[in-house]
Amino acid sequence: MTTSPAPRRSLPVEDIGRLVLRCPDQPGIVSAVSTFLARAGANIVSLDQHSTEPVGGTLLQRTIFVLPGLTAARDRLEAEFGATVAAELGIDFHFTEAAAFKRVAIMASRTDHCLLDLLWRNQRGELDMSVVMVISNHPDLADRVRPFGIPFVHIPASAANRAEAEQRQLELLQGNVDLVVLARYMQILTPDFLRRIGCPMINVHHSFLPAFIGANPYQQARDRGVKLIGATAHYVTDDLDEGPIIEQDVARVDHAHMLADLVRIGADVERAVLSRAVQWHCQDRVIQHGNQTIVF
């Protein structure tokens, strides 16, 4: 007589927490973190870590745990961890709840493929985020965004009115979002805007950085007879297109591909790269270390 295996029980998402930390590496950190969580009544589901050097490096760690009643216990958990383990070991950390999706604003211009892909994936439940608004410097995409039920805000922006436009954008974004995604937003943002926004920003660049930077990258690529085209998703910094890279991908092309083919194939890569980068950020999988990222 055979028996069927017991059905696997899914975890209650409201009880799943994440602890992300960074600190000088030294013996005993994993033990201290694990002991603290166990004493708090948490069960560790997974633990990923990386040290930048075998000796004297920086430890980066992401721990997923289950703790019944996490929402009610989170503030106490953070305070106790900060006063004990973090204070002793010099840990920079934050706790998050898997059920508390990050509030995301998407900024776009006239090109729609990255914007619509993010909205479609989010609508299907494939992205762990809550899109609170779409901001565009052109009205063209309003009708395409409307079916998703997401507020669309048109704020004209150009070099001529950049200060005024950024002030209006900041009034909408400051304190209201946890992440801003530039889905082919074709305006340069000033260092002052980046300092005041108060949250990370992710951009997608339509090339495999650092090659073919500037205007008409696909024409540049075709003129050079490239065999690979790609896209790069990265955090936004003061240095244009030089922020920490989160994800990259490429597609193979050949001499038979015309310009329109390269644009189409490139758009597919951009969509995939940006959606993965956004998902990983929203799941607290990305930890910055200098101008690099560690993605768990």
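The values are calculated or read from the model by the stated rules, or taken from the named source; none is laboratory data. The structure presented is a predicted model; accordingly, all values stated were derived computationally and were not measured. So basically every Cβ, Gly included, is an ideal-geometry build from the backbone, and we count neighbours across all protein chains shown. Protein only, heavy atoms only, side chains kept; ligands, DNA and RNA dropped before computing areas. Shrake-Rupley method; radii C 1.70, N 1.55, O 1.52, S 1.80 Å.
A few notes on this one:
- FRET efficiency estimate (nearest 0.05) - Cβ-Cβ, Asp75 to Gln167, R0 51 angstrom: 0.90
- Shape class of the stretch 68-203 from the Cα gyration tensor (axes a ≥ b ≥ c, square roots of the eigenvalues): oblate, since a/c reaches 1.5 or more and a/b does not exceed b/c.
- Qualifying GluC sites (Glu not before Pro) for the stretch 116-223 [loop in DSSP, other Cβ within 10 Å: at most 14]: Glu126
- Scattering curve values for the chain, log₁₀ I(q)/I(0), Debye with Cα scatterers, q = 0.15 Å⁻¹: -1.21
- Distance (nanometres) between label positions extended 7 Å along Cα→Cβ at Asp254 and Ser31: 5.9 nm
- Sum of side-chain charges, Gln49 neighbourhood, beta-carbon under 11 Å (Lys, Arg +1; Asp, Glu -1): 0
- Peptides 271-284, 30-43 ranked from most to least packed by the mean count of surrounding Cβ atoms within 10 Å: 271-284, 30-43.
- Surface analysis of the stretch 13-97 yields an accessible area of 49 Å² per residue, using protein heavy atoms and a 1.4 Å probe.
- Per DSSP, loop trypsin sites (Lys or Arg not before Pro) in the stretch 102-165 with at most 11 further Cβ within 10 Å: Arg124
- GNM flexibility winner over the chain from Ala215, Ala231, Ala105 (Cα, springs under 10 Å): Ala215
- Highest mean first, the peptides 173-183, 45-55 sorted by other C-beta atoms within 10 Å per residue fall in the order 173-183, 45-55.
- Value of D in µm² per second that Stokes-Einstein yields for the stretch 13-97, Kirkwood Rh from Cα pairs, at 10 °C (1.306 mPa s): 123 µm²/s
- Rounded to 10°, Cα long-axis angle of helix 162-173 versus longest principal axis of the chain: 30 degrees
- Carbon/sulfur fraction of accessible area - the chain, other protein chains in place, 1.4 Å, %: 52 percent
- Cβ-Cβ FRET estimate between Ile44 and Arg121, R0 fixed at 35 Å, reported to 0.05: 0.75
- Taking the C-alpha atoms only, the angle from helix 113-123 to the longest principal axis of the chain is near 40 degrees.
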